Every structure is written in C-alpha cells, then in structure tokens.
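See structure below.
The values are calculated or read from the model by the stated rules, or taken from the named source; none is laboratory data. Just so we're clear, the structure is a prediction, and the values are computed from it rather than from any experiment. Cβ atoms come from the backbone with ideal geometry, glycine included; neighbour counts cover every protein chain shown.
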Amino acid sequence: MRRASLILIPYLWLLALFLVPFLIVFKISLSDTALSIPPYRPQLDFATGWQEIRDFFGHLDFENFTFLTTDDLYWKAYISSLQIAFFSTIFTLLVGYPIAYGMANAPDHWRPTLMMLVILPFWTSFLIRVYSWIGILSNEGYLNQLLLSIGLISEPLHILNTNTAVYIGIVYTYLPFMILPIYSALERLDTSLLEAAEDLGCSRLTAFWLVTVPLSKNGIIAGCFLVFIPALGEFVIPSLLGGSKTLMIGKVLWEEFFNNRDWPVASAVAVILLLILIVPIILFQRNEQKQREADG
C-alpha cells in the first residue's frame with residue numbers, strides 16, 4: 001500500500017494538471033466558433049445522452065486542425081519556433097558549457113558562491129528581467145551608449161525588435177538551465193582519467209575533447225532539452241523583444257485566444273504544439289532513465 005500510494009501521487013498530479021486540461025483543450029479544438037461567452041459552441045455535450053456522444057465520435061470533426069494546414073501563418077510559425085528554439089539551444093550551450101566547466105574546476109570554497117551567482121537571477125521576476133533588456137538593447141539603450149562612447153560604432157545598432165534580441169533574451173533567460181546539469185556532470189568527473197590521458201600523450205585540448213566532453217554528454221543532453229522545450233513555446237520574450245516579423249507559435253496562440261477570440265483554432269494550435277513537444281520530452285525521459293541505470 002505504501003509503494004502504491006507513493007506511485008499514485010505523481011500520477012494523480014499528472015492527471016489533474018496535465019491530462020484533464022489537455023482533454024478540455026482538445027474538446028474545445030473540436031468545437032465551432034461562436035459569438036458568445038465563451039466564444040465557442042461545443043460539438044460534444046455530455047448532457048445530451050450516451051447516444052449523442054456515440055454519434056459524435058462516429059462523425060468527428062477536425063475542421064479546425066484542417067484549417068491550420070490551409071493557412072501559411074501557422075506552419076511558418078511552427079517552423080520559425082523550431083528554428084529559433086534550436087539555435088537558441090546551440091547558443092546557450094556555447095555560452096553555458098565554459099561557465100559550467102569553470103565552475104567545476106574552481107576551488108571548492110568558491111563553488112557555492114558561483115552556484116549562487118548562477119541562480120541569483122531567479123530571485124527577480126522573469127518579466128522584469130526581460131523588460132530590462134529593452135533598456136539595454138534599444139537605440140538609446142546602455143549597449144549603444146557604451147559602443148558609441150568608446151568609438152566602436154558611429155551610429156546606434158538596431159537590435160531591439162529583431163530576432164537577434166529574441167536570441168539574446170532566450171539565451172540569458174534559460175542559461176541557468178544549461179549550466180546546472182552540465183556542472184553537475186562535470187563535478188563528478190574523475191580527474192584521474194584526464195591525468196591518464198595526458199600520460200598517454202594527449203594534450204590538454206585533446207584530453208578535453210576525448211575525455212571531458214564525452215563524460216559530460218548526459219549533462220549536455222539534459223541542458224539542451226531543458227532549454228529547447230520551453231523556448232519552443234516561448235511567448236513573453238518574442239512579444240517584448242521581437243518585432244512584428246518575429247514569428248513564433250506562442251505569439252500566434254496568444255493572438256488567437258485574446259485578439260481574434262477564436263478559441264477552437266487556438267486550442268488546435270495548442271494541441272499540435274503539445275504533440276510536437278512530446279517528442280523531446282520522451283527523449284529527455286529516456287536519457288534520464290539511461291543515466292539512472294548507468295549510475296545504478
């Protein structure tokens with residue numbers, strides 16, 4: 001009973017906060033748009049009786065999902081979101097790995113301080129941190145003022161309201177999610193393996209590529225998944241830092257819900273986004289399971 005109760009708790013959590021909301025959104029995605037409150041007319045009504053429910057499942061209407069394939073806006077938004085999330089993950093890895101490597105090789109008494117500095121941004125509101133980049137990246141912002149004062153540029157750089165600003169915002173926001181798992185993997189690294197590689201004739205750089213990077217693979221994979229998955233559906237950063245040409249599915253989803261008030265189409269967009277996210281989530285879970293089996 002104790003084991004069953006411990007297993008039951010997370011399943012009840014997933015049922016209440018994932019499966020039930022997903023079924024509600026899926027039900028709305030099969031509804032018809034209407035000028036009402038809420039702005040849709042459900043095709044499936046459980047109060048109509050079992051025969052009506054059977055007739056509904058016999059004639060499922062995926063009109064809203066079909067509509068997504070006829071409008072270029074939606075599939076372009078999915079592709080753009082995948083592209084931005086992928087390259088943001090790569091940039092975050094390129095920035096985060098050296099930081100994690102430096103933390104893992106720092107003296108023991110410095111590591112808690114460095115760890116605190118990494119997680120310190122989480123003490124501030126996410127929205128405030130993103131808003132601060134507007135003051136940094138705008139034409140009159142601190143970055144342009146600095147570059148103009150030291151003479152590197154003759155006129156302000158146009159960074160805000162571009163994809164570049166979106167990449168900067170995502171990398172800054174999700175950098176701790178990349179650093180922490182890589183640092184955890186590097187901290188457990190047996191330094192005697194590096195010494196053995198150097199004794200066998202490897203240079204420090206060669207030993208790094210042949211020993212350190214492969215042994216930190218699990219941390220790299222975990223960090224990439226932790227950045228890619230939330231970046232794919234990001235809404236706040238592209239809305240505040242990106243321009244009108246920045247197309248991400250999170251912005252499209254918000255506009256369908258609140259501007260167009262087309263809840264059925266917005267729900268269909270959300271369902272497809274979730275199905276896309278299931279793939280990296282499953283891969284992430286398999287990687288975690290393999291890591292636990294290896295550690296065991």
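Data for the structure
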| quantity | calculated |
| --- | --- |
| Whichever residue in the stretch 156-176 is touching a residue at least 60 places away in the same chain (Cβ under 8 Å) and either surrounded by fewer than 17 Cβ atoms within 10 Å (Cβ to Cβ) or of a type in the set (Phe, Trp, Tyr) (or both) and, among such residues, is farthest from SER80 (Cα to Cα) | TYR174 |
| Residue, surrounded by the most Cβ atoms within 10 Å (Cβ to Cβ), within the stretch 260-296, restricted to residues that are touching a helix residue (DSSP H, G or I) at 6+ places or on another chain (Cβ under 6 Å) and polar (S, T, N, Q) | SER267 |
| Hits in the stretch 160-194 - residues which are in contact with a Ser or Thr (Cβ under 7 Å, 6 or more places away or on another chain) and closer than 11 Å to GLY223 by Cα | TYR174, LEU175, MET178, ILE182, ALA185 |
| Unique match (being among the hydrophobic types (A, V, I, L, M, F, W, C) and modelled with pLDDT of 85 or more) among LEU35, LEU114, LEU44, LEU30 | LEU114 |
| Selection status of VAL213, under 16 Å from the mean Cα position of the chain (by Cα) and either buried (at least 20 other Cβ atoms within 10 Å of the Cβ) or assigned to a helix (DSSP H, G or I) (or both) | no |
| Every residue from the stretch 194-210 that is under 27 Å from ARG292 (Cα atoms) and under 34 Å from the mean Cα position of the chain (by Cα) | LEU194, ALA207, PHE208, TRP209, LEU210 |
| Residue that is surrounded by the most Cβ atoms within 10 Å (Cβ to Cβ) [pool: residues in the stretch 91-131 that are farther than 24 Å from ARG188 by Cβ and of a type in the set (Val, Ile, Thr)] | VAL130 |
| Qualifying residues in the stretch 241-291 (those that are under 18 Å from CYS224 (Cα atoms) and either in a loop (DSSP other than H, G, I, E, B) or charged (D, E, K, R) (or both)) - the one modelled with the highest pLDDT | ARG286 |
| Unmet criterion (only one of (1) more than 21 Å from GLY243 (Cβ to Cβ); (2) part of a helix (DSSP H, G or I); (3) more than 20 Å from the chain's Cα centre (by Cα); (4) without any contact (Cβ under 8 Å) to a residue 24 or more places away in the chain) for ILE128 | (3) |
| Residue among ILE153, ILE134 that alone is touching a helix residue (DSSP H, G or I) at 6+ places or on another chain (Cβ under 8 Å), loosely packed, with under 15 Cβ neighbours inside 10 Å and either outside any loop (DSSP other than H, G, I, E, B) or among the aliphatic types (A, V, I, L, M) (or both) | ILE153 |
| In the stretch 233-259, residue surrounded by the fewest Cβ atoms within 10 Å (Cβ to Cβ) [restricted to those that are touching a residue at least 60 places away in the same chain (Cβ under 8 Å) and within 16 Å of ILE272 (Cβ to Cβ)] | GLY233 |
| Where a residue in the stretch 203-229 is within 16 Å of ALA185 (Cβ to Cβ) and its partner, wherever it lies, is surrounded by fewer than 20 Cβ atoms within 10 Å (Cβ to Cβ) and among the charged types (D, E, K, R), with Cβ under 9 Å and at least six apart | LEU215/ARG188; LEU215/ASP190; ASN218/GLU288; ASN218/LYS290; ALA222/GLU288 |
| Filter result for SER138 (within 23 Å of CYS224 (Cα to Cα) and either among the small types (Gly, Ala, Ser) or touching a residue at least 40 places away in the same chain (Cβ under 8 Å) (or both)) | no |
| Qualifying residue in the stretch 47-62 (condition: among the acidic types (Asp, Glu) and at pLDDT 85 or above) | no |
| Unmet criterion (only one of (1) surrounded by fewer than 12 Cβ atoms within 10 Å (Cβ to Cβ); (2) at pLDDT below 85) for ALA16 | (2) |
| Residue check, PHE86 within 22 Å of the chain's Cα centre (by Cα), at pLDDT 90 or above and farther than 25 Å from ILE24 by Cβ | yes |
